[in-house]
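Asker: Okay, handing you the structure first.
The values are calculated or read from the model by the stated rules, or taken from the named source; none is laboratory data. Predicted model, so just to flag it, every value in this text is computed and none were measured. Here the Cβ positions follow ideal geometry from the backbone for every residue, glycine too, while neighbour counts run over all protein chains shown.
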Amino acid sequence: MAAASTSDSTDDVFKQHKVVPDVIPVAPKQYLKVSYKNVLAENGKELTPTQVAVQPSIEWNAENDAFYTIIMTDPDAPSRSNPKFREFNHWLVTNIHGTDISSGDVLTAYVGSGPPQGTGLHRYVFLVYKQPAEIRFQETRVPKNSSQNRPNFSATKFAKKYKLGDPIAGNFFQAQWDEYVPTVHRQLSGKK
């Protein structure tokens, strides 16, 4: 599938790639700018696990005095045809003050894409929710070298649990296996 241009509505693109309804019931109104070192992750464009190995920078229209949550999730774990681990939580940061991600509470440390060999394209979805206030989240903290509490995550259930409403911004890319994936899998197993 060809990537959509940024002039396409989020609703059209999120439905075309079935992010709505696989991850969220309603598409966000605005695009999230997700920047990796030399490339933008947008509208289902295919990137490699090598390109997305390091945490991206993220921009959205935020209110300086508001708090936000960012989620990065893979609904295609272990594959789109057999998503028995839907969703796999790649990154979760809460209580972000304005757009200063470093001010937030990292509940799940960032891990880049790691689609198993032969499983085809996976969607990696970024969502930003505006919190009603600063929240005391009850989730266990997940470090970057652990797969604990990552499989069978649900962005929608998490948002409902904490009354976050629908995401205000989002974007996504797709990736399939490349030679960097074994490094991601070793990292998640806690091995060097």
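Residue-wise test of (1) of a type in the set (Val, Ile, Thr); (2) over 21 Å from ASN64 (Cα atoms).
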residue	(1), (2)
GLY118	no, yes
VAL125	yes, yes
VAL128	yes, no
GLU134	no, no
LYS144	no, yes
PHE158	no, yes
LYS163	no, no
PRO182	no, yes
LEU188	no, yes
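Asker: Of all residues in the range 151-175, which are surrounded by fewer than 21 Cβ atoms within 10 Å (Cβ to Cβ) and assigned to a loop (DSSP other than H, G, I, E, B)?
Answerer: Within the range 151-175, PRO151, ASN152, SER154, TYR162, LYS163, GLY165, ASP166, ILE168 qualify.
Asker: While we're here: Could you tell me how many of the residues in the range 84-110 are surrounded by fewer than 21 Cβ atoms within 10 Å (Cβ to Cβ), of a type outside the set (Ser, Thr, Tyr) and either in contact with a strand residue (DSSP E or B) (Cβ under 9 Å, 6 or more places away or on another chain) or not in a loop (DSSP other than H, G, I, E, B) (or both)?
Answerer: Applying the first criterion (surrounded by fewer than 21 Cβ atoms within 10 Å (Cβ to Cβ)) to the range 84-110 yields 84-86, 95, 97-106, 109-110.
Still in the list and also of a type outside the set (Ser, Thr, Tyr): 84-86, 95, 97-98, 100-101, 104-106, 109.
Among the residues that remain, those that are also either in contact with a strand residue (DSSP E or B) (Cβ under 9 Å, 6 or more places away or on another chain) or not in a loop (DSSP other than H, G, I, E, B) (or both) are: 85-86, 95, 97-98, 100-101, 104-106, 109.
Residues that pass the stated criteria total 11.
Asker: Please specify each residue of the range 28-47 satisfying the condition of being aliphatic (A, V, I, L, M), over 11 Å from PHE172 (Cβ atoms) and touching a strand residue (DSSP E or B) at 6+ places or on another chain (Cβ under 8 Å).
Answerer: Scanning the range 28-47 gives a single hit, LEU40.
Asker: Within the range 57-80, can you find the residues that are crowded, with 22+ Cβ neighbours inside 10 Å and not hydrophobic (A, V, I, L, M, F, W, C)?
Answerer: The answer is TYR68, THR69, THR73, ASP74, PRO75, ASP76.
Asker: Please find, among SER146, SER79, SER113, the residue that is in contact (Cβ under 8 Å) with a residue 12 or more places away in the chain, in a loop (DSSP other than H, G, I, E, B), within 22 Å of GLU42 (Cβ to Cβ) and of a type in the set (Ser, Thr, Tyr). Break it down into steps so the answer makes sense when it comes.
Answerer: Numbers: SER146 fails: within 22 Å of GLU42 (Cβ to Cβ); SER79 fails: within 22 Å of GLU42 (Cβ to Cβ).
Checking each option against the conditions leaves just SER113.
Asker: Another question, then. I'd like to know if the range 176-192 contains one or more residues that are modelled with pLDDT under 95, over 20 Å from PRO75 (Cβ atoms), surrounded by 15 or more Cβ atoms within 10 Å (Cβ to Cβ) and not hydrophobic (A, V, I, L, M, F, W, C).
Answerer: yes
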